[in-house]
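The values are calculated or read from the model by the stated rules, or taken from the named source; none is laboratory data. Remember, predicted model here, so these are calculated numbers, not experimental data. Reconstructed Cβ throughout: ideal geometry from the backbone, glycine too, with neighbour counts over all protein chains shown.
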Amino acid sequence: MDKDKKILLWLIAGSRGGINRALILKYIVSSPSNANRISIATGIEYKTVQHHLSILEKNGLLSSIGDKYGKTYFASELLDKNLEAFNEICKDMGLDNNDFKDK
């Protein structure tokens, strides 16, 4: 298993908060957004979303444009390159649908 897939596996399936991070990533892949919109769509509390966004960005899975309230998050090249592995991890966790509140 390559390094990128190990990072995904650890952040999503192997650590506390992985399900929230998976939901956040799934939403961003389908619709780049700011923390407030992600919170509303996923049902995850705003401060928790901010925490996970920071972790995901530090680990190279997200990129962002802007700052403060308007900061918009996008899937990074690393995530794009490993999207199939990410989707497989989500499927194994029972997260294979995209039922978000604002879609």
Discussion item. I'd like to verify a number: residues in the range 68-80 that are loosely packed, with under 12 Cβ neighbours inside 10 Å and either in contact with a Phe, Trp or Tyr (Cβ under 9 Å, 6 or more places away or on another chain) or farther than 20 Å from His51 by Cβ (or both), how many?
Written reply: 1
Worksheet item: With respect to the numbered conditions (1) part of a helix (DSSP H, G or I); (2) surrounded by fewer than 15 Cβ atoms within 10 Å (Cβ to Cβ); (3) basic (Lys, Arg), which one is the sole condition not fulfilled by Arg16?
Response: (1)
Item to complete: Could you please find all residues in the range 17-34 being touching a Leu at 6+ places or on another chain (Cβ under 8 Å) and in contact (Cβ under 8 Å) with a residue 60 or more places away in the chain?
Response: Gly18, Ile19, Ala22, Leu23, Leu25, Lys26
Worksheet item: Somewhere in the range 21-30, is a residue under 11 Å from the mean Cα position of the chain (by Cα), aliphatic (A, V, I, L, M), crowded, with 20+ Cβ neighbours inside 10 Å and more than 17 Å from Gly94 (Cβ to Cβ)?
Response: yes
Worksheet, complete the sentence: The condition from (1) of a type outside the set (A, V, I, L, M); (2) within 20 Å of Leu95 (Cβ to Cβ); (3) surrounded by 13 or more Cβ atoms within 10 Å (Cβ to Cβ) that Ser64 misses is numbered (2)
Item to complete: For the range 33-51, state whether one or more residues are surrounded by fewer than 13 Cβ atoms within 10 Å (Cβ to Cβ) and part of a helix (DSSP H, G or I).
Response: yes
Response to the item:
Taking the range 82-96 and keeping only residues that are in contact with a helix residue (DSSP H, G or I) (Cβ under 8 Å, 6 or more places away or on another chain) and under 17 Å from Trp10 (Cα atoms), one is left with Asn82, Leu83, Ala85, Phe86, Ile89, Cys90, Met93, Leu95
Worksheet item: Any idea which of Ile24, Ile7, Ile65, Ile12 is at pLDDT 95 or above and within 23 Å of Asp96 (Cβ to Cβ)?
Response: Ile24
